[in-house]
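Okay, so here's the structure we're looking at.
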Amino acid sequence: MIIDVNLSEFKDSDSRYYLGVIRDVTEKREMEEKLHQAAMFDALTGLRTRLSLSLELDKVSHTELKNGFILTAMLDVDDFQTLNTVLGFKVCDELLKTIASKLRHIQNTYSHKAYRVSADRFVVLGFSTDKDEAFQDKEILLDELEQLTVDMYRAHAFTVSITCVGYVTTLSEQEDNTLTQQLELSLKSARSQGKKGQVARASQLDNNVGLQIASLKLDLASNIDENTLYIVLQPKVNKLNKISSFEALLRWQDTRYPKLNLGHYIAAAEETGAIIQVGYFVIEQTCAFLADLHPAYRKRIFINLSIRQLFDANFTSFLASICAKHNIDHQYLGFELTESMVADDIVLVSKQLQKICDLGFEIAIDDFGTGQSNLRYIHKLPISQLKIDKSFIDDITDTTVSAPLVDSVYQIAKAMNLTVVAEGVEKLEQVDYLRKLGVEEIQGFYFYKPMPVEQCKELILENSHYSRN
């Protein structure tokens, strides 16, 4: 029995009195303990709950382990809702109990803690002050979990599979995300990479890049945030060093993904299909920029085109409508495709490009010399420009390899009536060589770096005859 004693003191002029109240609080304490147990331990499996995990991480953050290493793993039963429907709740409950039993064995053997954080999802957590020890423990833990996934797969006639992820991190790397949120993103990333039913092992201490990529893909799959996107423009100059055209370049800035760069964003957009909407955004912004200029000051702007955009059924109609919306003549827009894109299917690509050319837009082949195509195929494409890749320009004056290649490309391109553009030009010696060769347009830091649209507008309006001597 548990009793609660409350003692009160009373005084008068001559005496002192005490009043004691004794209560039996056994039932109350038992109820509180039951509520505590229900909150901290899962009723079905007996494992700790998600709340218990949060409290554990908070507690550790105030101990000497706060600067140590977290060994963590999450496992999830694949297609659990389907299993519930097919096998029934009773069978699936037994399945979860079996998993929990194996996790308790791991917990007792290696002094880790196991948690059930949702219906079919479990977390194993361990701590270490030594980095090497943490990584060794991670491999041991994942070996155990891998055996668990195999055992469960075989025990249930190959109808049950479990995906597991595990890595080592630190409390300081959690940033705004909780550990469980990061693990869940890692699970989704593993499955998207075809690792369903497997154990995915992170090889680096800092797994935030992979997790942020997974999170970014989820965002892009639903919608693109145009507030994180903007364009910059890089001028190209002609033989008189006057601005002849521009290239529009996408920029991305999102504070939610501090470890990712534009390359990560483009790759994620390509994979999710969001690149089509991103491409529409760039075209819209480019047309808006041109619309702000007096027609007398407008120059052609080239925009990078992805293969998904090229084969988008609505692409040509979008181009026509956006130009009409901003009252932009089609001659002021051009599109660049990389050589490797063209090489994939020269016949099909050529047909799609012809549709764009028929509307009055120009086409350029970008990064020429780095892909798999060659001039024998290029003549089949409805293009007007070849852009020689920066890698050949870098050492054009220093080696006997790049110079003859650039010379040959220029001569053949001229025979095909194509304009040659040299990109990535950064030195006066490169400019001199290209000018002597006869290259019509040069793009690179020697003349201009990519600049914000407002700065570009000022450059055009304030000095439309600007040249660098």
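Every condition in (1) crowded, with 20+ Cβ neighbours inside 10 Å; (2) in contact (Cβ under 8 Å) with a residue 60 or more places away in the chain is met by Val232 except one, and the failing one is (1).
Which members of region 235-267 meet the condition of being crowded, with 20+ Cβ neighbours inside 10 Å and more than 25 Å from Ala214 (Cβ to Cβ)? Passing the criteria: Pro235, Lys236, Val237, Ile243, Ser245, Phe246, Glu247, Ala248.
Applying the selection to region 66-123, what residues are charged (D, E, K, R) and in contact with a Phe, Trp or Tyr (Cβ under 8 Å, 6 or more places away or on another chain)? Asp76, Arg116, Asp120 - these are the residues of region 66-123 that are charged (D, E, K, R) and in contact with a Phe, Trp or Tyr (Cβ under 8 Å, 6 or more places away or on another chain). The set of residues from region 324-349 being under 31 Å from the mean Cα position of the chain (by Cα) and assigned to a helix (DSSP H, G or I) comprises Glu339, Ser340, Met341, Val342, Ala343, Asp344, Ile346, Leu348, Val349.
Answer yes or no as to whether Ala288 is surrounded by fewer than 17 Cβ atoms within 10 Å (Cβ to Cβ), over 19 Å from the mean Cα position of the chain (by Cα) and assigned to a helix (DSSP H, G or I). So Ala288 fits the description; yes. Looking at region 291-310, which of its residues are touching a residue at least 40 places away in the same chain (Cβ under 8 Å), more than 15 Å from Val453 (Cα to Cα) and not in a helix (DSSP H, G or I)? Selection gives Asn304 alone.
Among the candidates Leu7, Leu51, Leu87, which residue alone is surrounded by 10 or more Cβ atoms within 10 Å (Cβ to Cβ), hydrophobic (A, V, I, L, M, F, W, C) and over 30 Å from the mean Cα position of the chain (by Cα)? Talk me through it step by step, then tell me what you get.
Details: Leu7 fails: surrounded by 10 or more Cβ atoms within 10 Å (Cβ to Cβ); Leu51 fails: over 30 Å from the mean Cα position of the chain (by Cα).
Result of the check over Leu7, Leu51, Leu87: Leu87.
For region 398-426, the set of residues classified as outside any loop (DSSP other than H, G, I, E, B), among the aliphatic types (A, V, I, L, M) and either over 38 Å from the mean Cα position of the chain (by Cα) or at pLDDT below 90 (or both) consists of Ala403, Leu405, Val406, Val409, Ile412, Ala413, Ala415, listed by residue number. Hey, among the residues in region 108-160 that are crowded, with 17+ Cβ neighbours inside 10 Å and among the small types (Gly, Ala, Ser), which one's farthest from Leu83 (Cα to Cα)? That would be Ser128.
Wholly within region 1-118, which helices (runs of 4 or more DSSP H) include no fewer than the required count, namely at least 2 residues that are touching a Pro at 6+ places or on another chain (Cβ under 9 Å)? Quick ask: steps written out before the conclusion?
On the way: elements: 26-40, 50-60, 80-87, 89-110.
In region 1-118, there are no helices (runs of 4 or more DSSP H) which contain 2 or more residues that are touching a Pro at 6+ places or on another chain (Cβ under 9 Å).
Can you tell me which residues in region 1-47 are closer than 30 Å to Lys113 by Cα and among the acidic types (Asp, Glu)? Give the derivation first.
Initially, region 1-47 is screened for residues closer than 30 Å to Lys113 by Cα, giving 28-47.
Passing the criteria: Glu30, Glu32, Glu33, Asp42.
Assess whether Tyr257 counts as being out of contact with any helix residue (DSSP H, G or I) (no Cβ under 7 Å at 6 or more places or on another chain) and either among the aromatic types (Phe, Trp, Tyr) or at pLDDT below 70 (or both). No.
Please specify each residue of region 329-365 satisfying the condition of being touching a residue at least 12 places away in the same chain (Cβ under 8 Å) and basic (Lys, Arg). Correct list: Lys355 only.
The values are calculated or read from the model by the stated rules, or taken from the named source; none is laboratory data. Because the structure is a prediction, the values reported are computed rather than measured. Cβ sites come from the backbone with ideal geometry, for glycine too, and all protein chains shown count toward neighbours.
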